[in-house]
1. Among the residues of segment 45-66, is there at least one that is at pLDDT below 95, in a helix (DSSP H, G or I) and not hydroxyl-bearing (S, T, Y)?
2. In segment 17-36, which residues are loosely packed, with under 12 Cβ neighbours inside 10 Å and within 14 Å of Q130 (Cα to Cα)?
3. Checking G392 against (1) under 25 Å from F97 (Cβ atoms); (2) under 25 Å from the mean Cα position of the chain (by Cα): exactly one of these is not met. Which one?
4. Checking the condition assigned to a helix (DSSP H, G or I) and surrounded by fewer than 24 Cβ atoms within 10 Å (Cβ to Cβ), which residue from A384, A342 passes?
5. Kindly indicate the residue of segment 445-469 that is among the β-branched types (V, I, T) and outside any helix (DSSP H, G or I) and also farthest from G104 (Cα to Cα) among those meeting that condition.
6. Need the failing condition index for I545 against (1) surrounded by 11 or more Cβ atoms within 10 Å (Cβ to Cβ); (2) at pLDDT 80 or above; (3) over 30 Å from A248 (Cβ atoms), just the number.
7. Is it true that some residue in segment 115-124 is modelled with pLDDT of 80 or more and either assigned to a strand (DSSP E or B) or surrounded by fewer than 22 Cβ atoms within 10 Å (Cβ to Cβ) (or both)?
Amino acid sequence: MLGSMPPFVLFFIGAIVVAVTKGTIRKGVVLAVPLIGLVNLFMTAGAEVGAPSAIGESVERVYLTLELLGYTLQPYRVDKLSLLFGYLFHIAAFLGFIYALHLGDGTPDGSVASDVGEDDVIGDSTATLQHVSAMLYAGSALGAVFAGDFITLFVFWELLAITSVFLIWARSSDKAYATGFRYLIIHVVSGVLLLSGALMLAHQTGSIEFGHVAGELHGDEGGGLAAAGLPALLLLIAFGIKAGFPLAHNWITEAYPESTPTGTVFLSAFTTKVAVYALARSFGGLDELIWIGTAMTFFPIFFAVLENDLRRVLGYSMINQIGFMVAGIGIGTAMAVNGAVAHAFADVIFKGLLFMSMGAVLTMTGRSKGTDLGGLYKTMPLTATLCIVGAGAISAFPMFSAFVTKSMIMVAAIEEHHYIVWLFMLFASAGVLEHAGIKIPFFAFFAHDSGIRTKEPPKNMLVAMTVGAVLCVLIGVFPGTFYTLLPFEMDYHPYDTRHVLTQLQLLCFGALGFIMLIKTGVYPDEKRAVHIDAEVLYRKLGPWIVTTVGGTVGRIDAYVRSAVMELVHSVLGALDRLHGEVGPLARSWPSGSMVLWVALLLASCLLFYLF
C-alpha cells in the first residue's frame, strides 16, 4: 500500500478517526498521519522520479487513473515539483498539529475574543472541529498538488475553501463568522473560474491535463497571455485569487487575523502555496507574472508599516513574499522557478514560525495589537527568541533559509536583464526587514512595557516553534541538500563573497534606518485605526452598488409592472365592451340580416376573383 497510496486518502481517513476519538488516541493520530504520509511519499520518491529538462516539461509517474465522460482523470500524478510541495505540506501539517496538540485539554486559548486573557479555554467540540478541519484541509492541499488533471484539481480546489473556513469560524465571534462567509464566497468564485477555464480548455484542445496551458510563453517568438486565450486567462485569475494578486489579496489580511491562533498556522501553509504550485505548473515564463509579482513585493510594505495588528502585519508580509515567488515563476528560467518553489518551501516554515509566535502571544495574553503589547520578553523569553529566529529567516540573514532561496530569484532577474524588477525586489527586501524582521519581535516583546505579566505558552507550542526554527537554520546552513529536491538541475552557490557582503550591507543599513526613524519620531506610531485597503471595494462599495442597483431595478420593475397591468386592463375592458352581455358581438341578430351579410361577403369574393 505505502508508496502508491494517494497522500490525501491517508489524511481523509485520519480526519474520520480524529472525529470519533479523544484524548491521547486523538493526539497520536494527528501526529502519526503526517509522519506515515511522509514515509509513503519517500517510498514514492524512491521510484526514481526524474527532473524535467525545460519549463513546461515534466518527468512523471501516474499512479492512479480514472475514466469520466470520455476524459482521463489522474488523481495521483508525481514528479519532482509535486514531490517538493508534498514534502512541504506533510512537514507543515506535522508542525501545525504539534502546535495545536493542547486543544481540548482545558489550557488557555485566545481564540474566543481579542480582548480577553488566558482564562479562556477551548472546549472539546471546538478542538475536534479544528483538528478535523485541519486534517481535511491538509489532505485537500495534497490532493491539489498531486492532481494530474483540472477536474481533480477543481474538486480539491473547492475542498480547500470548504475545509479551511471552519478554522476561521472556530473563533466563535460575530466578526469571524462574517469574515468566514466573505472568505468562502471569494474562494468559491475562484473555483468557478477554474472550472470555467478548464472546460473551455477541454473544448478547445480535447484535454483536461493539468500542465503548461499558456503555450510557449518564454520563447522569443511571441506568446504571452493575449495569445494564450480566454481559458488561460480564467485559469490565471482563479490561481491569482488564491495567490493574493493585487486587488484580490485582502482575503489574506482579513481572514488570517480572524482565525484561531492554531488555525492561522494551517491557513498560512496551504492555500496560497497551492496557488503558487498551480502557477509554476501552468504559467512558468508568463511575462505578466513578473510585473504582478513585483507589485506584490512592493505595495504591502506600506500597509504593514502602518498596521497595528501584528497578525495582520504578517498577512501583508505573506503577500510580499508570494510576490517574489510569482515574479520568479514569471521570469521562467530554471534558476528562477527553482528559486520560487524553494522560497515557497522556506516561507511556509519561517512564516509559520512567526504566526506561531504571535499565536502564542495571543493565546497567553488575548492580544495581538502592537499598542497593547510590549515587554513580553521578561516573561516569554523562549517565545521571543524563537520569534527572532523566524524574523532572521524571513529577513534573509546569512545562515538562515530565505538567504539561500530568495537570492536565486534576484540572481535570475539580473541574468535575464530585469534590472528595474531587481531594484524593486531590493527595496522590498529592505522592507521585509523593517516590517517583519524588526517590527514583529520589537513591538510584541520589547518596545514599551505594556505591564502584561504572563508565562510561556503550552510546551507543545514551544516544541513546534523550536522545530520550525531548527528547519529555518538547517535550510540556510545546508542549502546543497535542499537544492537536490528542487525540480530543475542547476549550479548555484549562495555563499559567495559578493552575495554575503551585499546582503549584510542591506540588512545593516535597513536596521540603521529603522533605529533612526524610531529615535527621531518619524516612524509611524502604532495607532488603533482601520486602514482602508482594496477590501473596501467589496465590503463597502459592493453593498452600496448592490443597494443602489437593486433600488433602481426595483423602481423600473414597479413601473413596467404598472404599465403592463394598465395595458392588460385596457385590453380586457375593450374585449368586455365588444363581447360583454351588452356588447355588439354578443347581441342576437335577425336571420334576414345575417343572410344579407353573407350575400355581401360572397359578392366581395367574386369581385376580388374577377379583378
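1. yes
2. Answer for segment 17-36, where residues must be loosely packed, with under 12 Cβ neighbours inside 10 Å and within 14 Å of Q130 (Cα to Cα): just V20.
3. (1) is the only condition that G392 fails.
4. Details: A342 fails: surrounded by fewer than 24 Cβ atoms within 10 Å (Cβ to Cβ).
None of the others qualify; the one that does is A384.
5. So the first thing to find is which residues in segment 445-469 are among the β-branched types (V, I, T), and the list is 452, 454, 463, 466-467.
When the remaining residues are screened for being outside any helix (DSSP H, G or I), the result is 452, 454.
Numbers: I452: 25, T454: 21 Å.
Here the residue is I452.
6. Status for I545: all satisfied but (3).
7. Checking segment 115-124: not a single residue is modelled with pLDDT of 80 or more and either assigned to a strand (DSSP E or B) or surrounded by fewer than 22 Cβ atoms within 10 Å (Cβ to Cβ) (or both).
The values are calculated or read from the model by the stated rules, or taken from the named source; none is laboratory data. As the structure is a prediction and not an experimental result, all values here were calculated from the model. So basically every Cβ, Gly included, is an ideal-geometry build from the backbone, and we count neighbours across all protein chains shown.
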